[in-house]
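The structure under discussion appears below in the form of structure tokens.
The values are calculated or read from the model by the stated rules, or taken from the named source; none is laboratory data. Here the structure is a predicted model, which means the values were calculated and not measured. Cβ atoms come from the backbone with ideal geometry, glycine included; neighbour counts cover every protein chain shown.
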Amino acid sequence: MSKIFSAVCVILVCALAGPVSALGFTRLDHFPEAAPGAYGVVASGLSDGRFVVWNGDTVYVQSRAPVYLDGWTGEEHFRPIASGYAGDPGFIAVAPDGHTVLLGAGYSGKLYLLDTEYPEDYIPGSEVATVTHYTGVFLTQDLVLLDSLKGDYSTDELAIVDVSAPMPTAVGVMDKPPAGDLNPGGFAASAQVAVDASRTVLYTMSQVYDAGYMLVSNELKGVLVSDLLDAYNSKAVLDWHLDATAIGGDGAFYSGGPAGVMPSGSLVIAGFGGVQIVNPAAAAIVAEYAPAGTLEYYSVAYNPYADIVLPIVADPADLSMDVVYAPEGAFGTLPAVSAVGLFLLVGAVIIAAGRRVSR
């Protein structure tokens with residue numbers, strides 16, 4: 001009977017363990033494509049677990065959230081909810097309320113606000129602001145932190161914008177290392193930023209390239225959100241070396257910057273070679289994904305509410321199109337063992353074992 005019990009335990013563990021995203025990734029064939037004139041798409045997660053996507057014109061929301069209950073119930077189906085939000089997608093950030101999104105149109109600097117619960121098509125002149133930016137994240141319901149490159153490419157800065165103000169302006173709160181300090185003749189570049197669920201720590205990364213476009217420095221750091229807000233209110237500028245805490249050594253992680261913070265506290269970082277999951281407390285890489293191979297440059301979309309990572313690479317046949325990957329089963333039904341099926345399966349094992357003993 002001990003063997004029977006062991007077999008039953010193995011079945012129970014396998015059946016109840018649920019899916020493991022680390023097993024592999026699959027290409028999504030029905031993910032929204034970039035709009036004409038846009039280079040790629042951006043996505044994030046709403047508080048109900050659904051993905052929200054912006055393609056440079058239309059905002060889409062996933063039909064059903066990817067939740068595992070006797071099989072994945074998420075679908076690779078996205079319905080358009082609003083259109084006319086033109087621009088090359090730089091980022092889409094979800095506010096603390098879980099349903100308001102900010103669309104950052106990259107080079108144009110346009111920032112759009114949209115309530116996904118009461119969506120409306122774009123109305124000319126309804127931009128929240130036109131502010132230089134690369135990416136951004138909400139620190140509070142109204143204050144957004146932007147990562148943006150200064151006009152002379154000498155350095156990259158973090159700035160805060162009040163998107164509820166009548167005429168929002170960017171207030172610089174931290175300068176990253178000037179390129180000339182590390183590599184005379186070189187230039188700085190922007191990177192992704194991310195904030196944890198409690199809005200306590202902002203994670204950011206510096207990038208410095210030499211004149212030959214070779215990366216010579218990229219530092220991952222954490223900054224207290226309270227310090228950033230204090231700097232914003234007092235019109236002060238924080239020091240990168242003194243007011244930000246280094247995570248690992250220079251060049252320890254991919255250069256794309258932190259694009260999300262997982263419920264575990266780990267960071268999602270993409271760049272040339274793949275997507276890394278980094279434990280900031282230990283400054284250690286705990287997982288790495290490269291579904292299209294390690295010779296590609298990856299961006300990544302992360303849904304913190306569903307805890308799903310979407311690695312993204314440019315399609316080599318058309319660089320304006322993105323190829324999006326998802327953990328196997330996250331956007332489709334996987335074979336699952338229901339309660340009835342599990343009971344029958346366990347019974348079959350017991351019967352089979354009993355027959356073997358009787359022989």
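For this structure, a couple of remarks:
- Any chance S198 is within 27 Å of Y305 (Cα to Cα), touching an Asp or Glu at 6+ places or on another chain (Cβ under 7 Å), assigned to a loop (DSSP other than H, G, I, E, B) and not hydrophobic (A, V, I, L, M, F, W, C): no
- Restricting segment 57-78 to residues that are at pLDDT 95 or above and in contact with a strand residue (DSSP E or B) (Cβ under 9 Å, 6 or more places away or on another chain), the residue that is farthest from P327 (Cα to Cα): T58
- The condition of being surrounded by 21 or more Cβ atoms within 10 Å (Cβ to Cβ), within 20 Å of A270 (Cα to Cα), modelled with pLDDT under 95 and among the small types (G, A, S) does not hold for S217.
- Just one of the listed residues (G172, G186, G109) is over 18 Å from the mean Cα position of the chain (by Cα) and buried (at least 20 other Cβ atoms within 10 Å of the Cβ), namely G186.
- Every residue from segment 133-167 that is under 21 Å from the mean Cα position of the chain (by Cα) and of a type outside the set (A, V, I, L, M): H133, Y134, T135, G136, F138, T140, Q141, D142, D147, S148, D156, E157
- Tabulated pairs, segment 119-135, first assigned by TED's automatic domain parsing to the domain that holds D57, second in a strand (DSSP E or B) and of a type in the set (S, T, N, Q), C-beta under 6 angstrom, 6+ apart or interchain: T132/S148; H133/S148; Y134/S148
- Test: residue in segment 283-293 that is at pLDDT below 95 and loosely packed, with under 13 Cβ neighbours inside 10 Å: yes
- Given (1) touching a helix residue (DSSP H, G or I) at 6+ places or on another chain (Cβ under 9 Å); (2) free of Cβ contacts under 8 Å to residues at least 60 places away in the same chain; (3) of a type in the set (A, V, I, L, M, F, W, C), index of the condition F253 fails: (1)
- Within segment 76-133, restricting attention to residues that are aromatic (F, W, Y) and in a loop (DSSP other than H, G, I, E, B), the residue that is nearest to Y60 (Cα to Cα) is Y85.
- A single member of G265, G257, G251 is surrounded by fewer than 17 Cβ atoms within 10 Å (Cβ to Cβ), at pLDDT 90 or above and within 14 Å of the chain's Cα centre (by Cα), and it is G265.
- Residue in segment 218-225 that is within 18 Å of the chain's Cα centre (by Cα) and among the hydrophobic types (A, V, I, L, M, F, W, C) present: yes
- The listed residue being modelled with pLDDT under 90, within 24 Å of G109 (Cβ to Cβ) and either surrounded by 16 or more Cβ atoms within 10 Å (Cβ to Cβ) or in contact with a Gly (Cβ under 8 Å, 6 or more places away or on another chain) (or both), out of Q207, Q192: Q207
- Yes/no for D230 being part of a loop (DSSP other than H, G, I, E, B), of a type in the set (D, E) and at pLDDT 90 or above: no
- Restricting segment 113-141 to residues that are among the charged types (D, E, K, R) and either surrounded by 21 or more Cβ atoms within 10 Å (Cβ to Cβ) or more than 22 Å from G49 (Cα to Cα) (or both) leaves a set whose member that is modelled with the lowest pLDDT is E127.
- Of all residues making up segment 221-238, the number that are in contact (Cβ under 8 Å) with a residue 40 or more places away in the chain and either surrounded by fewer than 13 Cβ atoms within 10 Å (Cβ to Cβ) or among the β-branched types (V, I, T) (or both): 4
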